[in-house]
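Down below is the structure, laid out as structure tokens.
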Amino acid sequence: MELYFKLTLSYQDFLPYYQGLADKVEVRERQGRILWINGRHFRRFLTENGIHGQFKLVLDDKGQFVSLEQL
């Protein structure tokens, strides 16, 4: 299953996830469903400006994380 969403987080807003103090990032995918994604999956997308962009989340048949990519 592929789910698409937009995420805009400042560096300061993402810092608790990067530090492991917060766990799940809440996003709304294009179809309106709310997703909770472990913040560790976003670490590689963090810049000094935060995280900004369109993303594709891939889940397996059981709904488990497979991959996350920035489009």
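Here are the numbers for this structure:
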item	result
Complete set of residues in region 44-53 that are free of Cβ contacts under 8 Å to residues at least 40 places away in the same chain and either in contact with a helix residue (DSSP H, G or I) (Cβ under 8 Å, 6 or more places away or on another chain) or more than 20 Å from residue 12 (Cα to Cα) (or both)	46, 47, 48, 49
Extreme residue, nearest to residue 3 (Cα to Cα), among residues of region 13-27 that are in contact with a Phe, Trp or Tyr (Cβ under 6 Å, 6 or more places away or on another chain) and surrounded by fewer than 16 Cβ atoms within 10 Å (Cβ to Cβ)	26
Selected residue (only one of 30, 40 is touching a strand residue (DSSP E or B) at 6+ places or on another chain (Cβ under 6 Å) and surrounded by 10 or more Cβ atoms within 10 Å (Cβ to Cβ))	30
Strands (runs of 3 or more DSSP E) contained entirely in region 1-50, each with at least 3 residues that are farther than 18 Å from residue 65 by Cβ and not aromatic (Phe, Trp, Tyr)	2-9
Residues of region 1-21 that turn out to be in contact with a Leu (Cβ under 9 Å, 6 or more places away or on another chain) and of a type outside the set (Asp, Glu), as a count	11
Candidates 56, 62 - the one that is assigned to a strand (DSSP E or B) and either exposed (fewer than 13 other Cβ atoms within 10 Å of the Cβ) or free of Cβ contacts under 8 Å to residues at least 60 places away in the same chain (or both)	56
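Every read-out reported here was derived from the displayed coordinates using simple, explicitly stated rules and does not represent laboratory data. Since we're looking at a predicted model, the values are computed, not measured. Glycine also receives a Cβ, built like all others from the backbone with ideal geometry; neighbour counts cover every protein chain displayed.
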